[in-house]
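Inspection log for the structure reproduced underneath, given as structure tokens.
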Amino acid sequence: MTIPPLLKTTCSATALLLIMLQAVRAEQPAFSRAPYLQLATDSSIRIVWRTERAITPLVRYGKDPVKLTGLAKAENIIKRVTATGESGSPPPLHSAPEGTRQFEATISGLEPETVYRYAIFDGKKRLTPDDPSYRFKTHPLPGIPRPLYFWVVGDSGTAGLNQAKVHTAMREYNKAKGAQLDLYIHVGDMAYGSGTDTQFSERFFKMYEPTLRNTVCWAAMGNHEGKTSKGADGSGPFYDAYICPTTGEAGGLPSGKEAYYSFDFGSVHFVVLDSHDLDRKPGGAMAQWLKADIEKTKAEWLIAYFHHPPYTKGSHDSDKESQLIEMREHIMPILEGGGVDIVFTGHSHIYERSMLINGAYATPTTAKGVILDDGDGDPDGDGPYLKSKGLVPHNGTVQVVAGHGGTNVSRKGTMPIMRRILVENGSVLVSVKGNTLSATMLNLNATVRDSFAIKKEGIIEHSPIQDPWQPSAKKETKKPESGKVIKEGKPLPPGAQRIIDHSAQWRYLAGGNHPPKNWTTLNFNQSSWKQGAAGFGYGDKDDRTELAGMKDKYRSVYIRRAFKLPDGANPAKIGLAVSYDDAFIAYINGKEVCRVGVDSGSGKDAKGFHSHEADKKFEFFPLDKKAIGALQDGVNILAIEGHNIKVNSSDFTLHPALLLVK
Amino acid sequence: MRKLPHSLLALFSIAIFLPCLPAHHDTEEMIARFTQRIESGKASAELHYRRAVEYRILLQPAKAEADLHAALEYDPNYTPAHRELAQLLAKRGKPKLAVKAARHAIFASRNLNERAGAMILLARLLAASGQPGAALRSCREAFELKPPGEVEWYLLHAELLALLDRDHERPDILAAGYTATYSIVLRNAWIDALLDAGDFKAALPVIEQELSGLRLKSSWRLRHARALLGLGRTATASAELAACLGELEKRIHPARPDITLIAERGLAHALLGRLGAARSDLRRARAGGAEQWMTAALERALSDVSKIDRR
């Protein structure tokens, strides 16, 4: 008998599928939810796992990986089972698959800031492998300043490829840096579409398993989890999954509810709120608790997070939606009146990061009177946002919408307080070290797409900026904003005529100042600018105008010079000859004509620099049609901004000339 | 059998789950999707209810109300719609209809938890419509249905007692709530209730202990001053109130203040006999949406200016 090819293929595929399924079945895991950590303090931690069969649970742990001398016996491990319709103690699991056993082991009497290894046993049979990744680290004592490194994720729970990539990117980035997470915060929507028990297992626990086995995830509930879980009484799959402090056991004041709580890590105080299904008004119990909690804390840093963002124009609009408006109008005044430093949220599927703001409670949100520092906050750019030491009311907050952890990203508009808007998947890594909090947005390809920092020193008094920087209404994409980026030029053409000589005098602006928007135009008043001969720079002894104070202070320099085209010159034959380190953007009569080594933005907003050494060589950049169109009879202005890739770079060069080739 | 590599398993599971990945939509898109399903003959109580919730989020209460009525036409016992409707009607200034909807929610409850929640909702709506006695009965029924109750229920219970001028009963209720839940909000409300009930001696040691460990002290300085005034220690109370005002000036945003702090400042002014400033803050707090209980102490202090020796 001849088997038709299609049937043959189908049979083969089915057989392969069965083999794969059998392989998976043969390796039926011991756990239906692998071990994960919860509720870490300076002296205790919870280890939680699930099985689908009866076991005699034991947890062994210890500082010495060879000798796990500590023991949590079965009688000290809470066992919760699938609900049968009757209440009881411990409370049954809300809606777990039939036969599920959830074990919650409390390990106490631990030393602060100490790494322990652990293993789960069924009687004498070890269920977890002998693997160093099964470990936990206790928190430092409250108030003791210790470095902290944590991961922020929101709106991730699809079990899709992007969620997996964002997770992998974080792990690879940390591996390359030799960094380990101290904790993981999730700002909600971790189990689409309704936060069911099964969705939690598949879209959260399975997806992050290698991280969750050694890093506590402190979660805020999202609206999707809110479809099956209730903040009011702490019931549902979300509250089965998480063990949140209710009695102040991890620091902060007792909330009496798992829906909102606080915890300490050394000198950092975290507050977690339920923005979804509890009263958000100032008189509500949550707001009252928040006010009392932040009045009490004596931490150096105050970090708040919840699901619904007070400021966003991503996939949601905080000017139109009630939960977002209420968090802004009612909760933000309490947080800022208590000196909050940074607020992480999700819900809106985008990455948006604000300038340093205060008092932006109006609806709709405007930038008027609320921006305290409109710089980019980048230590290698405009420098970190500065705040007073300790927690000082209304001293400035950075808002981060991190709803880009895995689901589709989108943008509705432009939130005027934002400094960085990126429509791509990713997550945020945050480090607190001494007086500086640093954060980076890492996309799903492990590329850093945004960096900013907050530095606390002495007494900093801010007043709102009258005419702050504003984000472009144009949607940002991965491609450059302004023009085509050129990585390198061409060899100099022989016999070219010099329109602007290599040693010509230019007007220049240095010292860390940035010019107004019209600085590239002919009618700009340059009288306050200094004058010097090209080239400009430091560090490699090839500069006529030495910028001695540039290193470690600033990274951008602006130069401009008038020129006239020679009679009868063919504009198509004009080009720039530039020796440069690292990047520059050139303009003729206000129009950008050449962008080299700068991915996006301009001036103080320029981003994505590519390293380039001048090596005392000139490269040639012919002008394109756009540039030719910008030329006019009579006087023209050539303006160039030069950028160093890092403020502490060892050298910088901007040395241009304008040529007319044969 | 050899174990499959993790990466292969991951890809396999992604392939399995990819077709059923949930699509997430913003609020307007959700409304459009619900509308499409409703208009294509698939209308149900749940669909109308879910669209109503989205309309409520988008601050379109009329459309939300219409959808909730439509939901109840499909299923008159659909409890979530009754609850949502009751709250919506109250916000829309229809207290009688709101109470009626809450009673329906109680009737349609499917279990004790739902019934207790609906009783609390009814209690709130009755209180808002000027029936504190009936509200108190409803609140107490909820406690009986679902002991030990929730943080908010104890606060409501105490608030209803205050409305009925039964301040002396409040401390015990709040103390019981604190014992049951450990909520610091109930502990603080208990102290306030002791002060309102005139039990200054019981409140003072707790207040003084709390003050010593605080970063921002204005709320507790106020409580301290109230206790000291009650015990006749006016000079110390005045100094405490001055310190309270000093801190509040730093915390209150001049243009967009936190109304809880405005209410505190108003009370401090009132206790210092600065009635003009106190009344101004009372107006500002009310204009900002302060609930009645938040300004109750301030109102009481304004009506009793003799509480402080102004010499």
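Observations, loosely collected:
- For the stretch A:407-426, a drop of 40 Å² or more in accessible area on going from the chain alone to the assembled protein chains (1.4 Å probe) is found at A:412.
- Estimated [θ] at 222 nm from DSSP helical runs (n ≥ 4, -39500 (n - 2.57)) normalised by residues in chain A, nearest 500: -3500 deg cm²/dmol
- Buried surface between chains B and A: roughly 4900 Å² of accessible area, summed over both sides, computed with a 1.4 Å probe on protein heavy atoms only.
- As a calculated quantity, the FRET efficiency between residue B:212 and residue A:177 at R0 = 45 Å, using C-beta atoms, amounts to about 0.55.
- Dimensions of the protein assembly as shown from C-alpha coordinates, computed as largest minus smallest value along each principal axis and given longest first, are 107, 98, 66 Å.
- To the nearest ten degrees, helix B:132-145 and the longest principal axis of the Cα atoms of chain B are 60 degrees apart.
- Computed from the alpha carbon positions, the gyration tensor of the stretch A:485-660 leads to an equivalent ellipsoid with semi-axes of 23, 18, 15 Å, biggest first.
- Rounded to 10°, Cα long-axis angle of helix B:95-108 versus longest principal axis of chain B: 60
- Here the translational diffusion coefficient of the stretch A:379-517 follows from Stokes-Einstein with Rh set to the Kirkwood radius across Cα pairs; for 20 °C and 1.002 mPa s it amounts to 112 µm²/s.
- Averaged over A:295-303, number of beta-carbon atoms from partner chains that fall within 10 Å: 3
- The lysines whose alpha-carbon is closer than 16 Å to the alpha-carbon of residue A:551, local same-chain residues fewer than 8 away aside, are A:541, A:646.
- Just the protein heavy atoms count here, and of the accessible area of the stretch A:146-456 at 1.4 Å, carbon and sulfur take up 48 percent.
- With N as its number of residues, chain B has a Cα radius of gyration that, divided by 2.2 N^0.38 Å, comes to 1.30.
- Remark on residue A:540: its backbone amide H falls under 5 Å from those of A:652, a criterion applied only to residues 5 or more positions apart or on other chains, H modelled at 1.01 Å from N.
- Hits among lysines - C-alpha to C-alpha of residue B:63 under 17 Å, sequence gap 8 or more where chains match: A:320, B:91, B:94
- Whole-percent carbon and sulfur share, accessible surface of the stretch A:27-138, 1.4 Å: 48
- Of A:79/A:230; A:368/A:433; A:517/A:607, pairs whose Cα-Cα distance is over 24 Å: A:368/A:433
- Rounded to the nearest Hz, the phi-derived 3J(HN,Hα) couplings of the stretch B:185-202 under the Karplus curve 6.51 cos²θ - 1.76 cosθ + 1.60 (θ = phi - 60°) are 5, 6, 4, 5, 5, 4, 4, 4, 5, 4, 5, 4, 7, x, 8, 5, 5, 6, where x marks glycine and proline.
- Angle in degrees between helix B:170-181 and the longest Cα principal axis of chain B, rounded to the nearest 10: 50
- Rounded percent of accessible protein surface that carbon and sulfur make up, the stretch B:36-147, 1.4 Å probe: 52
- Sequence ranges A:498-504, A:533-539, A:123-129, ranked by mean other-Cβ count within 10 angstrom, highest first: A:533-539, A:498-504, A:123-129
- Cα coordinate range in the stretch A:101-178, projected on the principal axes (Å, largest first): 39, 37, 24
- Rounded to whole numbers, the Karplus 3J(HN,Hα) couplings from phi for the stretch A:64-77 are 8, x, 7, 10, 8, 7, x, 9, 9, 7, 3, 5, 9, 10 Hz, using 6.51 cos²θ - 1.76 cosθ + 1.60 with θ = phi - 60°, and x at Gly and Pro.
- Working note: Karplus 6.51/-1.76/1.60 with θ = phi - 60° gives the stretch A:600-608 the couplings 7, x, 8, x, 6, 9, 5, 9, x Hz, where Gly and Pro are set to x.
- Heavy-atom accessible area, 1.4 Å probe, ligands and nucleic acids excluded: residues of the stretch B:53-72 down by at least 10 Å² from chain alone: B:56, B:57, B:58, B:59
- The mean accessible area for residues of the protein assembly as shown, using a 1.4 Å probe and ignoring ligands and nucleic acids, is 41 Å² per residue.
- The stretch A:47-161: C-alpha gyration tensor shape, a/c 1.5 cut-off, then a/b vs b/c: oblate
- Within 10 Å of each Cβ in B:149-160, the average number of Cβ atoms from other chains: 3
The values are calculated or read from the model by the stated rules, or taken from the named source; none is laboratory data. Worth saying up front: this structure is predicted, and the values here are computed from it rather than measured. Note that we place each Cβ from the backbone using ideal geometry, even for glycine, and neighbour counts take in every protein chain shown. Note: areas computed on protein heavy atoms with side chains; ligands, DNA, RNA excluded. Shrake-Rupley method; radii C 1.70, N 1.55, O 1.52, S 1.80 Å.
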